[in-house]
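Worksheet: one structure, shown below.
The values are calculated or read from the model by the stated rules, or taken from the named source; none is laboratory data. In this text the structure is predicted, and so the values were computed from the model without any measurement. Glycine gets a Cβ as well: all are built from the backbone with ideal geometry, and neighbour counts include every protein chain shown. Just the protein is used for accessible areas: all its heavy atoms, side chains included, with ligands, DNA and RNA removed. Shrake-Rupley method; radii C 1.70, N 1.55, O 1.52, S 1.80 Å.
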Amino acid sequence: MSARLRLAATAAAGAFALALLPTVAQSAAAPLPAVHLLRNAGSANDPVLAAPLSTSDCVTQLHRACYSPLQYRTAYDLDPLYQQGITGAGRTIVIADSFGSPTIQHDLDVYSAHWGIPSTQVEVVKWGQVPPFDPKNADMDGWAGETTLDVEGAHSLAPGAKIVLLETGVAETEGPVGVPELMSGINHLVNSNDADVVSMSWATSEGQFPGFDQGDYTSLTTLRYAFVNAVKHGVTLTASSGDGGGDSKKLDAAWPAGDPLVTAVGGTELALNDQGTRTTPDIAWSGSGGEQSKVFARPGYQDPVRSVVGDHRGTPDVSMAGSPNGALWLYSSFDPANTGWTADGAGTSESSPLFAAVVALADQAAGHRLGQIDNDLYRLYAHHSGALVDVTSGSTGADGYTAGPGYDQATGVGTVDGAKLVHALAHR
């Protein structure tokens, strides 16, 4: 998935195939001022700009909200952590994407300088035969957008963390295609001690793996070795829950989000003013994925929510910003014809790196890796901790789920108060 793409929810196209992310239409009566709009811009709905707009200007001109990383920091109560020196320093976030972006370091430097955030070195690990980047190749262009989102999103909330960008040479699509390369690369970084948190903003449905219809899940489960190894090394795994709106009518979860070793991160929609203060509580984003797994039984950590998920692994576990109405501003230059700032929607591709960044902050606060954190998340939920903020409204599509009090498969245990969650996870 990229910032310009989303996971579709139709089996005919592949339950999580790439498709255009819907946006809110722009009225012809409110054109963007020429001073902001670049010559080689995207569509009127998703323009490429010379500089970001304020949220109030986005609402006026694009008819949807756009947010800066500084607003996110306020919304998720992270400023108190930065004041304590908790920035993710000494911790490493791995971003795993096909193809990557050839301009990611430059783009992160420009992005950071604009918002007054210290930049960080991105270590690029090319795994396999990664082809030269071609901006006219739609597949590469989409993955470069995804890479930009993942790196800039994670850096926004954990500016002190090191980022390792794992680039693979085979595009992940559906079923096992592209996944062996991603698993091998992740496993290598785990063994090299180069990972504290791994964020995966990609997904494939369980049902697209060979043998699924016959109850043979080995084509999927044999690829889990990297996750098993990561947990043994204390590495936390996060993954996007998908952007198809959830499906309550069948057992077929997005993977890797549906894996019990992975924290599944769903999407919410935030309503913030220009300063980042909430004007209304978060709601479930309508496109956020949430399913029950047919491959994996309910893990022990979900026993407190057995009345909701039954005997199956349920997703998501937790949620953060993902709605196109409130997308994070991003800067990219990998496409010379569309260099500049965009805020055109991200889906749960945004949610996973944001949550991975919060985990990196908690790793620093604890002084060690936290490993699989689902046990702690559901423990905090069971104890009604203020570290988790219940999301009680919104729904995830016609066949999805409705958010309400307590755990639900629209938003999991809810969203987060970053300062409280970091200290709770670090047991401080």
What are the lysines whose alpha-carbon lies under 30 Å from the alpha-carbon of residue 294, with same-chain residues fewer than 8 places away excluded?
232, 249, 250
Normalized C-alpha radius of gyration of the chain, against 2.2 N^0.38 Å?
0.88
Solvent-accessible area, 1.4 Å probe, carbon plus sulfur percent, for the chain
54 percent
DSSP H segments from the chain that extend 24 Å or more along their own axis, Cα-based, with Kyte-Doolittle mean of 0.5 or above:
348-366
For the range 91-149, with +1 on Lys and Arg beta carbons and -1 on Asp and Glu, the positive-most of 101, 115, 142 along the dipole:
115
For n ≥ 4 DSSP H runs only, could you compute -39500 (n - 2.57) per run for the chain, divide by its residues and tell me the 222 nm figure to the nearest 500?
-8000 deg cm²/dmol
Could you point to the residue in 283, 234, 205 farthest towards the positive end of the chain's charge dipole, with +1 and -1 charges on the Cβ of Lys/Arg and Asp/Glu respectively?
234
Over all alpha-carbon pairs of the range 50-165, lay out the pair-distance distribution in 10 Å bins, whole %, shortest bin first.
13, 38, 34, 14, 1
How compact is the range 92-218 by the rule of thumb for globular proteins, expressed as Cα Rg over 2.2 N^0.38 Å?
1.12
Cα centroids of the range 61-95 and the range 301-334: how far apart, whole angstrom?
18 Å
